[in-house]
Amino acid sequence: MRSGDDARNVQGLIEKLQDPQQVVRLHAATVLGTLGDAAAAAVPVLVAMLEAGDVHDRRLAALTLGEIGPAAEQAIPTLCDAVDDEDEGVVELAVSALEAIDPTDVDEEAA
C-alpha cells in the first residue's frame with residue numbers, strides 16, 4: 001500500500017471511531033491498534049473518547065492508545081487522569097497504555 005492510501009485508510013478508521021454503533025467503533029479501534037505509529041492521527045479522537053465516552057469507549061480508547069505506543073505521547077495527560085477513573089478496567093488499561101507509550105517515565109515514577 002502506498003502512503004497516500006494508508007493515510008486515507010487511517011482517516012476512514014478515524015471516522016468510524018465516531019460511529020453510533022459500538023461494534024463499528026470496536027472494529028475501527030482494533031485495526032488502528034495494529035497500525036502502531038501509522039495510527040498517530042487517531043490520537044485526538046481516542047483522547048476525546050477517553051475523556052467523554054461511556055465505560056466501553058473509555059476502555060477501548062485506553063487500550064488502543066497503548067497499542068499505538070510512543071506515537072500516542074500527546075495522550076499521556078489524559079491517560080494520567082484516567083488512572084483515577086471509577087472503572088477498574090479503564091484504570092488498568094490506562095496504566096498499561098502509559099507503560100507502552102513511555103516505559104522509561106513509568107519506571108522513573110516507580111523508583
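The values are calculated or read from the model by the stated rules, or taken from the named source; none is laboratory data. The structure presented is a predicted model; accordingly, all values stated were derived computationally and were not measured. Heads up, the Cβs are rebuilt from the backbone with ideal geometry, glycines too, and the neighbour counts pull from every protein chain shown.
Miscellaneous remarks
- Residue count, the range 10-20 (criterion: surrounded by fewer than 16 Cβ atoms within 10 Å (Cβ to Cβ) and either of a type in the set (A, V, I, L, M) or part of a helix (DSSP H, G or I) (or both)): 3
Residue-wise test of (1) among the aliphatic types (A, V, I, L, M); (2) in contact (Cβ under 8 Å) with a residue 12 or more places away in the chain; (3) under 24 Å from ASN9 (Cα atoms).
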residue	(1), (2), (3)
GLY36	no, yes, yes
LEU46	yes, yes, yes
THR64	no, yes, yes
PRO77	no, no, no
ASP85	no, yes, no
GLU88	no, no, no
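- Just one of the listed residues (VAL31, VAL23) is part of a helix (DSSP H, G or I), under 12 Å from ILE68 (Cβ atoms) and modelled with pLDDT of 95 or more, and it is VAL31.
- Test: residue in the range 60-83 that is within 15 Å of SER96 (Cβ to Cβ), part of a loop (DSSP other than H, G, I, E, B), over 9 Å from the mean Cα position of the chain (by Cα) and at pLDDT 95 or above: yes
- Single residue of ALA75, ALA38, ALA52, ALA62 found to be surrounded by fewer than 16 Cβ atoms within 10 Å (Cβ to Cβ) and not acidic (Asp, Glu): ALA52
- Qualifying residue in the range 33-45 (condition: of a type in the set (Val, Ile, Thr) and farther than 21 Å from ALA82 by Cα): yes
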